Amino acid sequence: MVYYKIEGLRMLESLELDVPPFQILSYPSSDIELRSYLNDKIDPNFFPNIIGDRIGVTIRVSLPGIKDRIRLGRHGGLHITKKEQAIESIIERFDKYGNEAKIILQHTVDAMCSGTMIKDSKSVVEAVPGDAVPLLEGKTQHSEVWGLNVFGRWVKEKSIDSEREDSQLIPSNIFSVFTDIINQIKGNAYFEWSISKKRKIFFYDFIELN
C-alpha cells in the first residue's frame, strides 16, 4: 500500500531539494508497548532549536492509499520542542487513525513565509507569512499569489494584506528555485514549502497530479 506523504518526501529528496530532517514511525507489533517503543525510537536530540532555521518538530500523519491522497490525516502540532510532548501527540494520532497510520516526525521550519506551488497548464505559487497552516485551512488574512507568465517571469496576480498592498512575502531570489523545479519535473505536481527567516527554502510535501 502506498503512503503518499512518505512517497512525496522521497520524491523531494530525489529532486535534490532541501527537505527538513524527518523520521518515519510505524505502529509496533502487538507484544511491544507503544509508549516504550516511541521512547526507544525517538532521539531526544532530534528536536532542533536553531533560531531563524528550524525550531522543534511537526507530527505528521500518513495514511495508506486514497486516504493520504486526499490528506485525511491531520497533523499533531508544530514547533514541538520536548520529546515527552511529541510522544503524547503521536499516541493521540495512533488512537485517532489506528495502527495502519504512519507518523512522520519532522523538523519544523522557523518560517518567514510558507506556501504551495502547483505546476499545471499554468504554474502558480501562493504564500502566507509564517507557518503554512493558515493557508491550508483557509484562515489567513494576508496572502499573495504569483503566476508564471509566457515569458518565464513570475508576476504577482493577487495580494491580500490589510496593512500593505505593495508588500512581498517571497524573497525575489527564491523564484528561480521555483522555475528550476518546474523545468526539471515531468507532468503536473503540487508542492508545499517554507522559507526560513534565514531565507533558505525547504520543501516537505509533493503530490503528482493527473
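Each value in this text was obtained by applying a stated rule to the coordinates, not by laboratory testing. Note that the structure is predicted; figures quoted are calculated from it, not measured. We place every Cβ from the backbone using ideal geometry, glycine too, and count neighbours over all the protein chains shown.
Any aspartates and glutamates with Cα under 13 Å of the LYS96 Cα? List them, leaving off those in the same chain fewer than 8 positions away.
Excluding near neighbours in sequence, the set is GLU88.
Over 32 Å between C-alpha atoms is what I'm after, so list which of LYS83/LYS156; LYS83/LYS200; LYS82/LYS158; LYS158/LYS197; LYS67/LYS198; LYS5/LYS82 land there.
Flagged as over cut-off: LYS83/LYS156; LYS82/LYS158; LYS67/LYS198.
Arranged from highest to lowest average of other beta-carbon atoms within 10 Å per residue, in what order do the peptides 196-205, 107-116, 76-85 appear?
My ranking of the peptides, most packed first, is 107-116, 196-205, 76-85.
Using the alpha-carbon atoms, what tilt in degrees (0 to 90, nearest 10) does helix 4-14 show relative to the longest principal axis of the chain?
60 degrees
Need the C-alpha centroid separation for segment 190-209 versus segment 27-63, integer Å.
Using only Cα atoms, the two centres lie 21 Å from each other.
Taking only Cα atoms and a 10 Å spring cutoff, compute GNM fluctuations for the chain and point out the largest among ILE32, ILE51, ILE42.
So, out of ILE32, ILE51, ILE42, the one fluctuating most is ILE32.
Cross-link partners among lysines for LYS186, C-alpha distance below 17 Å, same-chain residues fewer than 8 apart left out?
Partners within reach: LYS119, LYS122.
So, how do all the Cα-to-Cα distances of the chain break down into 5 Å bins, in percent, from 0 on up?
1, 7, 15, 18, 19, 16, 11, 7, 4, 2, 1, 0, 0
Relative contact order (percent) for the chain, with alpha-carbon contacts under 8 angstrom and 6 or more residues of separation?
Across the chain, relative contact order equals 24 percent.
What span do the alpha-carbon atoms of segment 33-129 cover on each of the three principal axes, reported in whole Å from largest to smallest?
49, 37, 15
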